[in-house]
Every structure is written in C-alpha cells, then in structure tokens.
1. As I understand it, the dipole of the chain uses +1 on the Cβ of Lys and Arg and -1 on the Cβ of Asp and Glu, about the Cα centre. Which of LEU272, SER74, VAL140 lies farthest toward its positive end?
2. Assuming a ≥ b ≥ c are the square roots of the Cα gyration tensor eigenvalues, decide whether the range 194-298 counts as rounded (a/c under 1.5), prolate (otherwise, with a/b larger than b/c) or oblate.
3. Just how far, in whole angstrom, is the range 135-158 from the range 456-474 if you go by their alpha carbon centroids?
4. Give the angle, between 0 and 90 degrees and rounded to the nearest 10, that separates the Cα long axis of helix 342-351 from the longest principal axis of the Cα atoms of the chain.
5. Roughly speaking, to the nearest percent, how much of the chain's 1.4 Å accessible area is carbon and sulfur?
6. Which order do the peptides 143-149, 6-12, 82-88 come out in when sorted by mean C-beta neighbours inside 10 angstrom, highest first?
7. Take GLN468, project a point 7 Å from its Cα along the Cβ direction, then tell me which residues of the range 480-497 have their backbone nitrogen under 11 Å from it.
8. If you add up the charges near ALA268, with Lys and Arg at +1 and Asp and Glu at -1, over every other residue whose beta carbon is less than 14 angstrom from its beta carbon, what do you get?
Amino acid sequence: MAAIGVHFGCTCACVAVYKDGRADVVANDAGDRVTPAVVGYLENEVIVGLAAKQSRVRNAANTIVKVKQILGRSFEDAQAQKHISESKCSVVEKGGKPKYEIDTGEAVKLVSPEDVAKLIFSKMKETAQSALGSDITDAVITVPFDFGESQKKYLGEAAAAAGFNILRMVHEPSAALLAYGIGQDSPTGKSNVLVYKLGGTSLSVTVIEVNSGIYRVLATKTYDDIGGVCFTEALSQYLASEFQRSYKQDIKGNARAMMKLMNSADLAKHSLSTLGSANCFVDSLHDGIDFECSVSRARFELICSSLFNRCIDPIKMLLEQAGFNATHVNQVVLCGGSARIPKLQQLIMDLFPEVELLNSIPPDEVIPIGAAIEAGILLGKDNLSTELDTITIECSSSDILVKEADESGAEKFTILLPSGTPLPARRQHSLQAPGKLTSVCLELYESVQKSDVSDNCKFAQIVLRDLQKKENGIHDIMTVLTMKRDGSLHVTCTDKDTGKSEMITVEEAS
C-alpha cells in the first residue's frame, strides 16, 4: 500500500502519494494538481473544488471559502469574527460555535466548519484513490505553526471523519524541508534554513536550525494581512478601472461583477508566473458588455509593487528577531502558491545573493510532497532511517502580552512570549506600580498581531493583594511566565520587597 500526505490550506488543498521510493502530487478529476478549498451547496447536491469555485458567482450565499480560518475557533474569537465579516455565506452562533447558514430553497440548515473540512478531505481521499485504483487511508496531515490545540483537534477529527488514518500531523515548514531532503540526505552538520510560505490568505516566515537530521524552530511569524488574494484583488481593481475607462461605467460597487473579475484576475495571475502577458476575458461583465484586457507581467508587477514590499519586509524583521543576517542562512525554501511569482522570487534572491534558493519543486506542491515523504518514513516504505525523523518542537501559536501603564498612565502592551517561541519556554518581566496601591492586577492577552490587541484577547489576570503602601516609592513586581509543551501557562507574580506572591495556571493558553 502507498502512503499519502495532505495539505489543507485556506484557499486550496493538495494531496501527494508516496510510492515506489518517490512522492508525487496527484491531479484531481479536473486535471488540476491543486484543488480549491471551496464547498458549494446547491438545491440537490454539494459540490467541492473547482466546480464550487466557478459557481460562486451565482451561488455566493451558499458557497463556503477559507473554512480553515474558522475551524476549531469559538464564535467570539477575533480571527473567527474577521472571517465572518468577510464571508458571503451567513455565519451564525450556535452553542458558542460558528455555523454556516445554508438556504438552498427548501429549508435553512446549519453546517459546521468541521463538516465543510470533512468534505474537502473526502475530495482529497477520492483524488488519491482514483490515481492508485485502490482504497487508501494512511496519511500525514500538515498544520501551520500558529494552529492551537483546539484547531489541530478539529482538523484531525475532520480528516478522520473523511476516512483517513492519521499517522501524524507535521508542521508545514518541517514538511517543506522534508520535500527537499534537508537534514536527511547528509544528516551530519548544522545549517539554518529559512522557509518562506506565501499562501492564499497569509504569509509565514520560519527560520529552522537543522542539526543531525533534527529540526529546531528558531523563529517564526505569520501575517494574516497579506497573501495571494491581495495580488488578485489589486489586479481586479486595475481591471475594473480599465473597464470604467473604456465604457464609462463604475462596477467597483457591483459584487457580482467584481467576483467575475476576481476569477479572471486569479487566472491571469497564475499565467503571469510563466508567461510574459495574460489575456483577461469576462463574458457579460456588466449590462451585457463583454470585457477583454491584456495585462503584461511588467504591468502586474507595477500594480503590485507595494504588495511586494509587504511580502519582503517580514523576512528582514524575522532575521532581526532571531539575531541573524542574510549570511547566517544557508538555504531558502519557497512554498505556497503565490511564491511562484517571479518578481517575488527575484526580490528574495536579492536579499540572499549567496544563498541557495530551493524552488525546483512547484511551491504549491512542496508541503504535501514533504507530508507524503513523512508518511513513507512512518510506514517504513522509505530507506531513510526513522531515527532521522523530525523531532516536533511545539511552539506558541500566538503572542502572549501583558498590559501595564507607562509613566503618563497610558496603557501599553508588552510581548512576553512571541508567537513561534519553542516550548517549553520561561520568561521574566519586571512590573512597576505606584507605591500608594495596596493591590496590583496583571492582565494577560493573547493575539496574533500586537496591533490587533483588544479586550476580547484577554484570557487571564492575576491579582497581588495586601501590599504595603509606599508613599514616595513604587512596588517592584517580578512576573515569571512558564509555558509547557502542551500550551499550558503558569504565571507567578512576586513582590520583591515582601516576597508576597500569587500563582495561576491557564490550560492551553496558546
């Protein structure tokens, strides 16, 4: 029997099969190697993949996209609320959890994100089985670093419900390294690898130390405000401007017309990764008018110039966070469909002029191929020693921040545990409070981005009471945070003068 690896992304899903000593991505029934992670509900059937994506123009209210963003989250979660605000399909609260409201005519039904994910996993399983001609269940599933335990749990349950026997869940950057055999072909020696993943809705940058076949995450960061869809939107806005210039009609407020342009812009974006120009044609775009426009690669790069800068800056910031410069990186691995863009690849090469850029495997196929190789190792189908298998080092999925007041009394947030911190981890922080107070309250917040911290992000507080007043002095409070591998957080606050302390434990803080 073969082994398979499945990558379930926000915008697309992909499955690779490990057989006869090699891993290959399997094409779906439409002949595409990558399947849109889109599910559409029609009156008498449910469609998944390209057909659902194409029918979204006329069935937007019953078409679910980017379900991975909301999977395993509570209804009040900040990321869930962001997804709900952007979803064309209505999302309602049921028992504290989000549910999609589907109305196909006969009756309204509620569909959970896990059920949607199960349908996409089922599509991946069917795709693998059609290529092999036999039933196949053993699989390795990939997960992002910023996935919490709840999200992993629901993702695993959805895969199991689709009929998969999950051998292991591996982090996406680790799978990318396995795809290129990094640390496996020559297991001795130490090197630093930067994994750059630009997916449909997010960008993640990870620095991994490879030492004797073991992967150790040194730093990682995920940005949810930039992704391949941003390039598609920029191009669709340009096309809308061209339509207005030609026909004197503004369609930017017409949701149906803009969705048609988004589909056309998406196809053009993919074409421009290999061709010098792409032709965009939309049948009956607005008021029966057919629209046709040719876009050159140079024009596309000009339209998206600011986006390219936003894609490159995170690399510089992460290297600074890790205390690295470009010469400390030995290899750069590209993954994610949008990492195909030639201009982006050139900018990365300019940033690392003396470093090997690994892009021989199509970036949108790297992660599932790595997962399939891992599945082959686990089932003993690979000649590689299982002793060289990845040692999973859990990381904090979100920033852990503390709220305090500065000299002027204004609130400020300080990151104590950045997202991507390898676990277990321990941090100390000195907190100063006015001496006239007899109690001090320490509030802890969890957020993907420091700029998005709100009251909804608060997850714990610890109060130090019965402090001795100091009329002309300050209280010096030492705070110690310890996060274990399972995500539980232990917080201790101690008054340095009196030794008075309080302690709390928060399960699955990250």
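1. Farthest along the dipole direction, towards plus: LEU272.
2. Details: a/c = 4.11, a/b = 2.64, b/c = 1.55.
Taking the square roots of the gyration eigenvalues as a ≥ b ≥ c, the range 194-298 is prolate.
3. After rounding, the separation between the Cα centres reads 40 Å.
4. Its long axis makes an angle of about 30 degrees.
5. Numbers: 10180 of 22330 Å².
Exposed carbon and sulfur together represent 46 percent of the surface.
6. The packing order, highest mean first, is 6-12, 143-149, 82-88.
7. From the range 480-497, the list is 497.
8. Details: positive: LYS260, LYS269, ARG297, ARG299, ARG340; negative: GLU233, GLU242, ASP266, GLU292, GLU301.
Cβ neighbours under 14 Å give a net charge of 0.
The values are calculated or read from the model by the stated rules, or taken from the named source; none is laboratory data. Owing to the predicted nature of the structure, the values given are computational and were not obtained by experimental measurement. FYI the Cβ positions are ideal-geometry reconstructions off the backbone, even for glycines, and counts take in every protein chain you see. To get the accessible areas, we keep the full protein, side chains included, count just its heavy atoms, and leave off ligands, DNA and RNA. Shrake-Rupley method; radii C 1.70, N 1.55, O 1.52, S 1.80 Å.
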